[in-house]
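K.L.:
One structure, as structure tokens, below. Some questions next.
The values are calculated or read from the model by the stated rules, or taken from the named source; none is laboratory data. Small disclaimer: the values here were computed from a predicted structure and weren't measured. Ideal geometry is used to build each Cβ from the backbone, glycine not excepted, and the neighbour counts take in all protein chains shown. These area figures cover heavy atoms from the full protein model, side chains too; ligands, DNA and RNA do not enter into them. Shrake-Rupley method; radii C 1.70, N 1.55, O 1.52, S 1.80 Å.
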Amino acid sequence: MNRAFRIVAFSIVAILVLAVFTLGLNRIVYGRSLKATLYEYKLRHQCATDRTAEAEIQRLESKRTEAEPVAALPGNLSVPAEESNRDGMQVFTLNGDGTGPLVLYLHGGAYVNGFNAHQWRFMDRLARQTGCTVVAPAYRLAPWADYARAYDDLMALYRALVAENPGR
């Protein structure tokens, strides 16, 4: 029993030393914190999929036959919000009184995912606490458009906002 305990204890210590070495190497080589490394590890395993690239392409191609999703304003915002359409793109304006600084908020999502609840809460809080106007376009997503089209639409919106709101 004493020998088995030492083997188990040695194995646990060896695993811990290896983990600390790996995390330390990650910090030195990539400049990442322990928290970032552990979060990346969690995401890698949480988001793992058995789909191949070909299967993912097929999944996106099948989505193309569906209607393009339309974003909607949530009902729980604490600031005034409105929806408009600019050159065929849905644009949401929060706290649009026209006096404070203007923030063009791009939701991210790798040109595949639209707004989520966290982003709506963040934009609401940003507009409320800073008094700024938040303009959030719901740009076109894959598979209905590619990133180049979304980029062009966003640049046109940015230029129009700069022209309409000098100094904001």
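K.L.:
Take every Cα-Cα distance within segment 1-96, group them into 5 Å bins from 0 onward, and report for each bin the whole-number percent of pairs it holds.
P.N.:
Answer for segment 1-96: a P(r) of 2, 9, 9, 9, 8, 9, 12, 13, 9, 6, 5, 4, 3, 2, 1, 0 percent.
K.L.:
May I pose another question? Excluding ligands, DNA and RNA, what is the solvent-accessible area per residue of segment 51-168 at a probe of 1.4 Å, expressed in Å²? Please list the in-between numbers first.
P.N.:
Details: 7210 Å² over 118 residues.
Dividing the accessible area of segment 51-168 by its residue count gives 61 Å².
K.L.:
Would you mind telling me the share, in percent, of accessible area of segment 37-168 contributed by carbon and sulfur at probe 1.4 angstrom? Each step should come with its number before you reach the end.
P.N.:
Working: 4590 of 8570 Å².
Ligands and nucleic acids excluded, carbon and sulfur give 54 percent.
K.L.:
At 7 Å along Cα-to-Cβ for each site, give me the label-to-label distance between Arg32 and Tyr151 in nm.
P.N.:
For Arg32 paired with Tyr151, the spin-label model returns 2.6 nm.
K.L.:
P(r) for segment 126-168: what percent of alpha-carbon pairs falls in each 5 Å bin, starting at zero?
P.N.:
Histogram of Cα-Cα distances, whole percents per bin: 5, 20, 20, 19, 17, 11, 6, 1.
K.L.:
Treat each spin label as a single point 7 Å out from the Cα along the C-beta direction, and report the Glu56 to Ala19 distance in nm.
P.N.:
2.9
K.L.:
Where does the charge balance sit around Gly88 when Lys and Arg score +1, Asp and Glu -1, over other residues with C-beta under 15 Å from its C-beta?
P.N.:
Numbers: positive: Arg86, Arg140, Arg149; negative: Glu68, Glu83, Asp87, Asp152, Asp153.
Net charge around Gly88: -2.
K.L.:
Additional query: Please report the antiparallel percentage of the DSSP beta bridges confined to the chain, to the nearest 5.
P.N.:
Values: 11 of 14 bridges.
That works out to approximately 80 percent antiparallel.
K.L.:
Return the Cα extents of segment 88-138 along principal axes one, two and three, sorted largest first, each rounded to a whole Å.
P.N.:
Rounded to whole Å, the extents work out to 33, 25, 12 Å.
K.L.:
What nm distance separates the two modelled labels at Glu40 and Arg159, each placed 7 Å from Cα along Cα→Cβ?
P.N.:
Distance between label points: 3.8 nm.
K.L.:
Taking the Cβ-Cβ separation of Val112 and Arg6 as r and a Förster radius of 45 Å, what is the calculated FRET efficiency to the nearest 0.05? Before the final figure, lay out the partial values.
P.N.:
Numbers: r = 52 Å, r/R0 = 1.15.
In this case the efficiency is close to 0.30.
K.L.:
Convert 20 °C to kelvin, take the viscosity as 1.002 mPa s, use the Kirkwood radius over C-alpha pairs of the chain as Rh, and evaluate the Stokes-Einstein diffusion coefficient in µm²/s, rounded to a whole number. Before the final figure, lay out each step's value.
P.N.:
Working: Rh = 20.1 Å.
In µm²/s, the coefficient rounds to 107.
K.L.:
So, with +1 on the Cβ of K and R and -1 on the Cβ of D and E, and no other charges, what is the size of the charge dipole of the chain about its Cα centre, to the nearest 20 debye? Please report the intermediate quantities before stating the final value.
P.N.:
Details: 19 positive and 16 negative charges, 235 e Å.
Value, rounded to 20: 1120 debye.
K.L.:
Determine the gain in length on full extension of the stretch Val70-Asp97; use 0.36 nm per residue of separation and subtract their C-alpha separation, reporting nm with one decimal. Mind dumping the intermediate values first?
P.N.:
Numbers: separation 27, 0.36 × 27 = 9.72 nm, distance 2.50 nm.
Here the segment from Val70 to Asp97 would lengthen by 7.2 nm.
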